[in-house]
Each structure stands twice: as C-alpha cells, then as structure tokens.
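Participant: Have a look at the structure that comes next, please.
Bear in mind that the values in this text are calculations on the coordinates, not laboratory data. Only a predicted model underlies this, so the values are computations on that prediction, with no experimental measurement involved. Virtual Cβ from ideal backbone geometry, glycine too; neighbours counted across all protein chains shown.
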Amino acid sequence: MKVTLIGNESELSKHLSFWESIPAVQVEQSIVVNEDNLDSLPSFSYQSELIDVCASTEWKPFILKRLGRKIPIIVESPIASSIRETKHLLNFIKEEQMMIRIVNPLMTSPEWMNLNQRFTTHQLGNSGVNRISSKSEVVPGDDRFLEQELHVIDWIYRTFGDFNTIFAKKVDSRYMTVHIRHKDNSFTHLELARGFGKEELNIELAGSKGMLTHKSNETNPISIAKIDMSKRKVNPIGTSLIQRQLEDVHHILTKDHHSFNNITEVTETIDFIEAIESSFNQAIPVTKGGA
Amino acid sequence: MLKVGIISFAHMHALSYANALKKNNSASLECVWDDDQQRGIDMAKTFHASFYTDLDEMLQTDLDAVIVCSENANHKDHVVTAANYKKHILCEKPIATEINDALEMIDACNQNNVILQVAFPVRFAPVIQEVQRLVNEKEIGSILAINTTNHGQMPGGWFVDPKLSGGGCATDHIVHIVDTLRWILRDEVKSVYAEFDTRFYDIVVEDCGHVILEFESGIVVTIDPSWSRPKTFPIWGDVTLELFGDKGTIAVDAFKQHTVLFNDRDNKLENLVWSDDMDEELTKDFLQCVTESRPPFISGEDGLRTLEVVKAAYQSNQQKKPITLIHN
C-alpha cells in the first residue's frame with residue numbers, strides 16, 4: 001500500500017515512523033506544510049492509496065479541500081477550529097463525495113476503548129444510566145467549551161447511540177451538565193467542569209446485568225513520592241496512542257474497507273453538539289428531529 | 001424516661017430506629033403496632049416491647065412519642081391519628097405521597113401542638129455537617145453547581161407497589177438530596193426537569209432516571225436517584241455530592257469512611273461503614289426535641305418542600321419540560 005503524508009514536521013515524523021514500520025506499506029510522499037505559505041502545497045501523487053493528514057487543526061480545512069475525491073484520506077478529529085466550520089467542511093466533503101475517515105483518538109485510547117467494547121458487546125445487559133464526569137484544570141474560552149468535548153460526545157454517540165432528548169445547562173462558562181435520553185431510552189449524564197483545580201475522569205455505566213466504573217485517579221499503576229514532597233504520576237500504556245490509531249486505520253483499510261468512510265457518524269456527533277448548544281441557549285429540552 | 005412506640009416495621013429503617021432507642025438512655029421502646037401481625041410480634045419480641053393489634057388502643061396509653069415507619073401512602077393516616085392522641089411524631093420519609101396529605105399531617109400536628117419531625121438522617125451524618133460548615137464558611141467561594149447521587153439497590157416489596165409507595169426510586173431518593181441541599185444552601189428549588197424509566201428490573205415503578213434542579217439563587221443541581229447498584233455492589237447504595245464553587249470544588253462521599261470486608265463466607269465484597277450512625281443521631285435529636293419542647297430540626301414543612309420537588313419531577317417527566325415550582 002502506498003501512503004502519502006501531509007502535515008506539520010513534528011506530527012509527520014511520528015506518523016512516518018509508524019507507516020515505515022509496516023513491511024507492506026510504501027511511503028510515497030511526505031509533505032511538510034509550510035505554515036507561512038499554505039498555497040505553496042506541492043501537488044500530490046495520485047499513485048497513493050491513502051493520504052494521512054497530520055496537520056494542525058486550523059490547517060486541516062485548507063488541506064482537505066485541496067485533496068479531492070480520488071484517494072482515501074485519514075485525519076484526526078477535530079477537522080476544523082469551530083463547530084460551524086466543521087459542519088461547513090463536512091458538507092463540502094459530502095458534496096465532493098470524498099472518501100475520508102475522521103479518527104477520534106478516544107476510540108483507540110485503551111480505557112475508552114475497553115469501556116466501549118464491554119458496553120457494545122452487551123456485557124452489562126439492558127443499558128440503564130451512564131454517568132461521565134470530565135474535569136480539567138484549564139478554563140476554555142467561552143465559545144470553545146463544546147469544541148473541546150467533541151471526542152467525548154463522539155464516543156458517547158458511538159457507544160450509547162443517538163439521542164432522543166437533550167437537556168443541558170451551562171453555568172459560568174466553566175461548568176456544563178448535559179442530560180441525554182438515548183433512542184433506546186437509556187440515560188447518559190455528562191458533566192464537564194473546567195478550571196476547578198483538578199484533572200479527573202469518572203465514568204460509570206450501569207446496566208441490568210452489572211456496572212462498569214472507571215476513575216482516572218484510581219487507575220494510575222505507578223505513583224512516585226519524593227522526599228522534597230514533589231509528586232509525579234507515571235501511566236505507561238505500552239503502544240503509543242498514534243500507533244493504536246494508525247494500526248486501527250490500517251486494519252480497516254486492509255480488512256474492512258467498506259466501513260472506512262465515517263462521515264455519517266461524525267455528522268451525527270455534530271448534531272449532538274448542536275442540540276446541547278441549542279438546549280442551554282433556549283433553556284428547553286431539545287428532541288431529535290425537533291418534534 | 002420518654003416512652004416511645006413504633007407504628008409499623010414496614011420500612012426497614014424502623015429496625016435502625018428501634019436499635020437507636022435501645023441504646024438511648026432517655027427513652028424506651030414500649031410498644032409496637034403493625035398491620036402485619038407476625039412482623040409486629042417478632043419485632044416486639046426482639047425489642048422486649050408490647051405488641052398491639054389495635055392502633056387506637058396503643059395510642060391511648062401514656063406514650064410520649066411515636067415513630068411512624070409504615071408504607072409511604074399510610075403515613076398520613078398514622079400521623080394524623082397519632083397527632084390526635086397528642087403524641088409527638090418522627091415520621092419516615094417521604095412525608096407523604098400527596099401534597100394534600102402532607103398539608104393535612106402538618107395541620108393536625110399544629111392543631112394538637114405536637115412535634116412532627118421528618119426522618120432525613122443525612123443531615124446528621126458528620127461528613128454532611130462538615131460540608132455544611134465548609135460551604136457556609138465559603139471555603140470554595142460561591143456555589144455554582146452540584147452533582148449528586150443517591151443510588152440504591154432495588155428494595156422490592158411494597159416499595160415497588162405504587163399504591164403504597166407513591167412511586168419508585170424518584171420517590172425513595174430525591175427527597176434525601178433535596179433536603180440536604182436546602183439545609184446546606186438555605187435555598188429553595190425554583191425549577192425541575194426530570195426523566196424516569198424502568199430499565200433495570202421488571203417492576204411497575206421507575207427504577208432509574210435523572211433530575212436537574214435550579215435553585216432560586218441560580219445554583220444548578222443534578223440528581224441521579226436510580227436503583228442502579230448491582231447485586232454485587234459492596235454497600236446498599238450511596239450519597240455523593242460534588243460541589244463546584246467559584247474558588248474550587250468539594251467532593252463528598254457520605255459512606256467513604258468504611259473498611260472493606262472480602263467476605264469468602266458469603267462470596268461477596270462488603271463496605272463496612274464505621275462513621276457515626278446517622279439514624280441514631282436523628283433519633284437522639286427527635287427525643288431531645290420532645291424532652292426540651294423545642295421545634296424540630298427537620299420539620300413537616302421541610303418534608304413538604306421535598307415532596308413538592310418529587311411531584312414536580314414526575315410532572316416534568318410526564319410533560320417533557322421543566323416545571324416551575326409552586327410552594328404550598
């Protein structure tokens with residue numbers, strides 16, 4: 001398989017080392033984007049069977065619009081800096097009938113992947129109430145709150161399915177609580193708290209045959225305490241996240257080619273986000289399809 | 001020595017209150033009435049009390065107070081009857097299943113000049129009292145939002161018979177959180193959005209759901225009241241609060257103070273809570289109210305306010321929209 005890479009120098013080198021490690025892959029071109037002059041992008045070799053876009057988010061719309069429909073493309077989410085721009089780009093991709101796979105890194109991140117697999121293989125029985133609480137120390141800009149949660153919301157859509165009703169409240173631009181009633185009538189409570197002084201992810205999935213929990217602060221296998229009172233957490237995950245992502249893409253391309261294009265799923269995730277935004281702006285529950 | 005009777009052991013908390021009375025030096029459990037005669041006889045025997053088959057007959061004795069632990073829908077009849085016999089009353093939560101019943105109970109107690117205390121023991125948990133202090137000292141500044149849970153295992157029995165319980169997990173659990181927060185925040189609920197469903201068990205009442213409240217001050221509160229704890233969960237349930245203030249957060253797990261028992265005898269894991277027993281503290285406070293003739297720490301009105309939230313939550317679930325509360 002011939003692969004072309006386009007992106008920033010630092011990202012490019014990580015992707016390159018992965019593709020070069022696979023004997024059946026030949027890296028056709030490796031194009032470093034010149035951030036001062038995006039128009040200077042060289043022409044692409046259409047001999048490639050895959051284009052791996054590993055550029056900064058703000059460059060992705062420009063690059064993707066230049067690529068056209070001929071060759072399958074992979075790109076990590078988010079593909080644009082705002083929800084509005086993402087939606088615009090998705091429409092462009094659909095109109096151009098581009099073959100593209102937008103990769104959500106959480107879908108190959110070990111803890112999220114583990115929860116997704118156990119849930120979707122019905123190990124918990126009938127799904128009841130799912131609780132996800134994500135806290136970070138960083139305060140987002142007011143209009144960046146949901147953009148930063150794109151991956152979590154995408155994971156929710158891919159794991160628990162589409163929504164029927166969403167009711168969301170946002171407080172002080174730092175805290176958001178989202179009530180999701182899914183199509184199968186199960187519940188998800190998503191809590192997003194930013195800038196409250198701690199980094200934490202707590203997940204609880206309760207079903208009729210059992211419950212799964214994940215608490216980020218209780219899964220650190222190594223903690224180091226020093227005499228000078230400084231603390232350090234080490235969380236080795238073995239295979240790097242990029243390698244996990246690209247291995248997954250490579251697997252799909254070689255074994256499950258028909259499921260490569262995932263624009264529909266990403267569009268549904270954007271609908272999810274728009275419903276959340278609409279609910280907290282209007283202070284009403286938002287129903288799928290507007291009924 | 002105060003003489004106390006227990007009206008019904010239908011609610012499992014009766015056992016806990018009876019044990020608390022046994023430990024208390026200023027009161028004695030004198031008698032028991034129960035419409036389930038065998039249960040009543042067994043409990044009376046266990047606690048060395050007399051058993052009555054006729055409630056009026058028991059209330060005609062010189063009892064000072066009663067603890068009502070009958071099925072939720074029977075609270076009204078039992079509280080009004082006991083009030084008319086001038087007995088002070090500790091009533092298991094929820095105060096009632098209908099607003100009008102709660103109003104009638106409060107009125108009967110006022111008319112007869114007896115204490116009506118509603119059993120919200122969470123206020124007496126040392127960890128919750130500490131949280132109240134921290135919030136009032138503005139340890140994390142002004143409160144913006146609170147994420148809470150009062151999970152449990154499905155209790156079965158009359159709890160899942162809507163005629164006797166008034167509803168499922170929403171009736172059973174929302175009141176604890178609402179009472180605790182009204183007390184900590186000194187604030188009232190302004191609006192309620194809720195959705196419920198039955199997804200864990202084959203029962204006719206709701207066993208799960210999610211509630212979003214907005215308080216008068218603008219504080220946003222979420223409550224998960226679900227009976228979602230698996231059979232293998234190491235404790236019956238939980239009471240957790242995570243408070244978000246403009247200067248930080250406080251995470252609270254009311255039953256965190258426990259030891260873990262890896263119980264090979266019964267093939268299960270058990271969390272054995274070692275903090276002060278809140279039912280015991282609640283009972284002690286009620287007895288002190290009676291002795292000192294002081295107003296109860298948790299009044300009938302407190303019970304009514306929490307019931308209003310539960311009723312609004314059911315209304316929201318039916319109408320699929322937020323409900324603005326009207327206080328009775």
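Participant: Report, in cubic angstrom per residue, the convex hull volume of the C-alpha atoms of the protein assembly as shown. Intermediate values should be presented prior to the final figure.
Facilitator: On the way: hull volume 115.2 nm³, N = 619.
Per-residue hull volume (Cα only) is 186 Å³.
Participant: On to the next question. So if we plug the beta-carbon distance of B:Thr291 and B:Lys256 into 1/(1 + (r/R0)^6) with R0 = 51 Å, what FRET efficiency do we get, rounded to 0.05? Write out the running numbers ahead of the final one.
Facilitator: Working: r = 33 Å, r/R0 = 0.65.
My answer for the efficiency is 0.95.
Participant: Radius of gyration and Dmax for the stretch B:258-328's Cα atoms, expressed in Å?
Facilitator: Reported Rg and Dmax, both Å: 20.0, 52.
Participant: Straight-line reach only, C-alpha to C-alpha below 15 angstrom: list the aspartates and glutamates that A:Lys70 could link to, leaving out same-chain residues fewer than 8 apart.
Facilitator: Hits, sequence-local ones excluded: A:Glu49, A:Asp52, A:Glu95, A:Glu96.
Participant: If each residue's Cβ is checked for other Cβ atoms within 10 Å, how do B:Ile235, B:Ile128, A:Ile237 rank with the fewest at the top? Kindly include the intermediate steps, with their values, before the conclusion.
Facilitator: Details: B:Ile235 17, B:Ile128 20, A:Ile237 11.
Arranged by neighbour count, lowest to highest, B:Ile235, B:Ile128, A:Ile237 become A:Ile237, B:Ile235, B:Ile128.
Participant: Within 13 Å, Cβ to Cβ, of B:Asp35, how many net charges do the neighbouring residues add up to if Lys/Arg are +1 and Asp/Glu are -1? List each step's numbers first, then the result.
Facilitator: Numbers: positive: B:Arg39; negative: B:Asp34, B:Asp36, B:Asp54, B:Glu71, B:Asp77.
Computed value for this residue: -4.
Participant: I've got another one for you. Of the listed pairs A:Lys215/B:Lys321; A:Lys14/A:Lys65; A:Lys60/A:Lys170; A:Lys94/A:Lys215; A:Lys169/A:Lys233; B:Lys22/B:Lys231, which have alpha-carbon separations greater than 27 Å here? Numbers along the way, then the final one.
Facilitator: Details: A:Lys215/B:Lys321 33 Å; A:Lys14/A:Lys65 24 Å; A:Lys60/A:Lys170 30 Å; A:Lys94/A:Lys215 38 Å; A:Lys169/A:Lys233 33 Å; B:Lys22/B:Lys231 31 Å.
Pairs exceeding the cut-off: A:Lys215/B:Lys321; A:Lys60/A:Lys170; A:Lys94/A:Lys215; A:Lys169/A:Lys233; B:Lys22/B:Lys231.
Participant: Report, to one decimal in Å, the Kirkwood hydrodynamic radius for the stretch A:68-178 based on all distinct Cα pairs. Can you show the working numbers first?
Facilitator: Working: mean 1/r = 0.0615 Å⁻¹.
When all Cα pairs of the stretch A:68-178 are included, the Kirkwood radius is 16.3 Å.
Participant: Give the order of A:Arg181, A:Arg244 when sorted by the count of other beta carbons within 10 angstrom, beginning with the fewest. Walk me through the intermediate numbers first.
Facilitator: Working: A:Arg181 22, A:Arg244 19.
In order of increasing Cβ crowding within 10 Å: A:Arg244, A:Arg181.
Participant: Additional query: Simple spin-label model, 7 Å along Cα-to-Cβ: A:Asn185 to B:Lys247 in nm?
Facilitator: In this crude label model, A:Asn185 to B:Lys247 measures out at 4.7 nm.
Participant: At a Förster distance of 41 Å, what's the computed FRET efficiency of B:Lys138 paired with B:Glu57, Cβ-Cβ distance as r, to 0.05? Intermediate results must be reported in sequence, preceding the final value.
Facilitator: Numbers: r = 54 Å, r/R0 = 1.32.
So the FRET efficiency works out to roughly 0.15.
Participant: Ok, one more. Given H placed on each backbone N at 1.01 Å, which residues far from A:Glu28 in sequence or on other chains put an amide H within less than 5 Å of it?
Facilitator: Residues meeting the criterion, in which the H sits 1.01 Å from N, are A:Val3, A:Thr4.
Participant: Which loop-located GluC sites (Glu not before Pro) does the stretch B:145-220 contain, where loop means any DSSP state but H, G, I, E or B and the Cβ has at most 16 other Cβ atoms within 10 Å?
Facilitator: Numbers: sites: B:Glu188, B:Glu195, B:Glu206, B:Glu214, B:Glu216; in loops: B:Glu188, B:Glu206, B:Glu216.
Qualifying residues, ordered by number: B:Glu188, B:Glu216.
Participant: According to the square roots a ≥ b ≥ c of the eigenvalues of the Cα gyration tensor, what is the shape class of the stretch A:224-291, taking rounded for a/c under 1.5, prolate for a/b larger than b/c otherwise, and oblate for the remainder? Could you put the intermediate results ahead of the total?
Facilitator: On the way: a/c = 6.27, a/b = 1.30, b/c = 4.84.
Here the stretch A:224-291 falls in the oblate category.
Participant: From largest to smallest, what semi-axes in whole angstrom does the stretch A:1-110 give when each is the square root of 5 times an eigenvalue of its alpha carbon gyration tensor?
Facilitator: Equivalent-ellipsoid dimensions as semi-axes: 21, 16, 15 Å.
Participant: May I ask what percent, to the nearest 5, of DSSP beta bridges between residues of the protein assembly as shown are antiparallel?
Facilitator: So the antiparallel bridges amount to about 55 percent of the total.
Participant: Further question on the same structure: Could you calculate the contour length gain from A:Thr121 to A:Tyr46, that is, 0.36 nm times the residue separation minus the distance between their Cα atoms, to one decimal place in nm? Present the calculation step by step, with values, prior to reporting the outcome.
Facilitator: Details: separation 75, 0.36 × 75 = 27.00 nm, distance 3.95 nm.
Length difference between fully extended and current span is 23.0 nm.
Participant: Follow-up. Straight-line reach from B:Lys76: which aspartates and glutamates have a Cα under 12 Å away, not including same-chain ones fewer than 8 places off?
Facilitator: Answer for B:Lys76, where 12 Å is the Cα cut-off: B:Glu92, B:Glu98, B:Asp101, B:Glu104, B:Asp107, listed by chain and number.
Participant: Determine the shape class of the stretch B:69-119: with a ≥ b ≥ c the square roots of the Cα gyration tensor eigenvalues, call it rounded for a/c under 1.5, and otherwise prolate if a/b is greater than b/c, oblate otherwise. Can you show the working numbers first?
Facilitator: Working: a/c = 1.71, a/b = 1.40, b/c = 1.22.
Verdict is prolate for the stretch B:69-119.
Participant: In addition: Taking a quarter of the surface of the convex hull around the Cα atoms of chain B, what do you get in nm²?
Facilitator: 16.9 nm²
Participant: What fraction, in whole percent, of alpha-carbon pairs in the stretch B:2-114 exceed 19 Å separation? Could the numbers behind the result be given before it?
Facilitator: Values: 2423 of 6328 pairs.
Considering the stretch B:2-114, 38 percent of its Cα-Cα pairs are separated by more than 19 Å.
Participant: Only helical DSSP H runs with n ≥ 4 go in: add -39500 (n - 2.57) per run for the protein assembly as shown, normalise by residue count and round the 222 nm mean residue ellipticity to 500 deg cm²/dmol. Could the numbers behind the result be given before it?
Facilitator: On the way: 18 runs with 210 residues, N = 619.
Mean residue ellipticity, 222 nm, calculated: -10500 deg cm²/dmol.
Participant: Using the count of nearby Cβ atoms within 10 Å as a rough guide to exposure, how do A:Arg101, A:Arg118 rank from fewest to most? List each step's numbers first, then the result.
Facilitator: On the way: A:Arg101 20, A:Arg118 15.
Ranked by crowding around the Cβ, least crowded first: A:Arg118, A:Arg101.
Participant: Next question, about the same structure. So what J values fall out for the stretch A:120-130 if you push phi through Karplus, 6.51 cos²θ - 1.76 cosθ + 1.60 with θ = phi - 60°, rounded to Hz, Gly and Pro as x?
Facilitator: These are the phi-based 3J(HN,Hα) values: 6, 9, 6, 5, 9, x, 5, 6, x, 10, 10 Hz.
Participant: For the stretch A:195-245, what is the largest minus smallest coordinate of the Cα atoms on each principal axis, given in angstrom and ordered from greatest to least?
Facilitator: Extents along the principal axes: 48, 31, 24 Å.
Participant: Could you please report the charge total around B:Asp101, scoring K, R as +1 and D, E as -1 over all other residues with beta-carbon less than 13 angstrom from its beta-carbon? Before the final figure, lay out each step's value.
Facilitator: On the way: positive: B:Lys76, B:Lys311; negative: B:Glu71, B:Asp77, B:Glu98, B:Glu104, B:Asp107, B:Glu308.
Taking every Cβ under 13 Å from that of B:Asp101, the sum is -4.
Participant: Turning to a different aspect of this structure: Please report Rg over Rh for the stretch B:149-211, where both radii come from the alpha carbon positions and Rh follows the Kirkwood definition.
Facilitator: On the way: Rg = 12.7 Å, Rh = 12.7 Å.
Taking Rh as the inverse mean 1/r over Cα pairs, Rg/Rh reads 1.01.
Participant: Oh, and also: Which of A:Asn114, A:Asn164, A:Asn130 moves most in a GNM of chain A, Cα contacts under 10 Å?
Facilitator: Of the options given, A:Asn114 has the highest mean-square fluctuation.
Participant: Along each principal axis of its Cα atoms, how long is chain A end to end? Whole angstroms, biggest number first, please.
Facilitator: 60, 51, 39
Participant: Sequence-distant or interchain residues sharing an amide H contact under 5 Å with B:Ser50, placed H: which?
Facilitator: It is B:Cys31, B:Val32, by chain and number.
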